[in-house]
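Colleague: Here's a structure for you.
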Amino acid sequence: RGLAVTPVNPRADAIEGLACAASLAALGLDAAGMRATSVSVVTPPHASAAVLREAARLGIRYVWFQPGSEPPDFAQLAAELSVHVLGNGACILVEGAGLLARSKL
């Protein structure tokens, strides 16, 4: 779809042929790059709150929790961290083309 994607996984070197970063910080982006970055989270709920906190600490302001990855009270935590979140909704991998077509990207 023309969007740059970098998987983040501390236990993998690559996923589906794409080199992984060990953490969001390891993406190596400057502050402007982090602000322009969004994160699609595909982790168990118990790990997802830490991803949200790391994103906020780095200045990433847009996080999309894929179905089943939402931590408890994620909307409240996101509000406290000033991060915009999507959750309890569509899967970008399944519905991405339709969502992108309806968006203003």
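Colleague: What residues have an amide H closer than 5 Å to that of Ser40, excluding those fewer than 5 places away on the same chain, when H is modeled at 1.01 Å from N in the peptide plane?
Modeller: Trp64
Colleague: Okay, moving on. Once phi is turned into θ = phi - 60°, what whole-Hz ³J(HN,Hα) does the Karplus curve with 6.51, -1.76 and 1.60 give for every residue of the stretch 60-65, x standing for Gly and Pro?
Modeller: Here the 3J(HN,Hα) series is 6, 10, 10, 10, 10, 7 Hz.
Colleague: Another question, if that's okay. Please figure out what share of the DSSP beta bridges in the chain is antiparallel and state it in percent, rounded to the nearest 5.
Modeller: Antiparallel: roughly 20 percent of the beta bridges in the chain.
Colleague: Please give the calculated 222 nm ellipticity per residue for the chain, where each DSSP H segment of at least 4 residues contributes -39500 (n - 2.57) and the sum is spread over every residue; nearest 500 deg cm²/dmol?
Modeller: Only helices count here, giving -10500 deg cm²/dmol.
Colleague: Which percent of the accessible heavy-atom area of the chain goes to carbon and sulfur, probe 1.4 angstrom?
Modeller: Answer for the chain: carbon and sulfur cover 57 percent of the accessible area.
Colleague: Students often check this: by mean Cβ neighbours within 10 Å, which of 35-42, 4-11 ranks highest, and how do the rest follow?
Modeller: Answer by packing, highest mean first, reads 35-42, 4-11.
Colleague: What accessible area per residue comes out for the chain, rounded to a whole number of Å², with a 1.4 Å probe?
Modeller: On a per-residue basis, 66 Å².
Colleague: What does the charge count near Met34 come to, summing +1 for each Lys or Arg and -1 for each Asp or Glu among other residues with Cβ under 10 Å from its Cβ?
Modeller: Neighbour charge sum, excluding Met34 itself: +2.
Colleague: Rg and Dmax of the chain, Cα atoms, in Å?
Modeller: Final numbers for Rg and Dmax: 13.4, 36 Å.
Colleague: Could you tell me the relative contact order of the chain? Use alpha-carbon pairs under 8 Å, at least six residues apart, and round to a whole percent. Walk me through the intermediate numbers first.
Modeller: Values: 131 pairs, mean separation 19.7, N = 105.
Over the chain, the number comes to 19 percent.
Colleague: As I understand it, the dipole of the chain uses +1 on the Cβ of Lys and Arg and -1 on the Cβ of Asp and Glu, about the Cα centre. Which of Gly98, Val39, Gly68 lies farthest toward its positive end?
Modeller: Of Gly98, Val39, Gly68, it is Gly98.
The values are calculated or read from the model by the stated rules, or taken from the named source; none is laboratory data. Keep in mind it's a predicted model, so treat the numbers as computed, not measured. Please note: Cβ atoms are built from the backbone with ideal geometry, for glycine as well, and neighbour counts cover all protein chains shown. The area values use the complete protein model at the heavy-atom level, side chains included, leaving out ligands, DNA and RNA. Shrake-Rupley method; radii C 1.70, N 1.55, O 1.52, S 1.80 Å.
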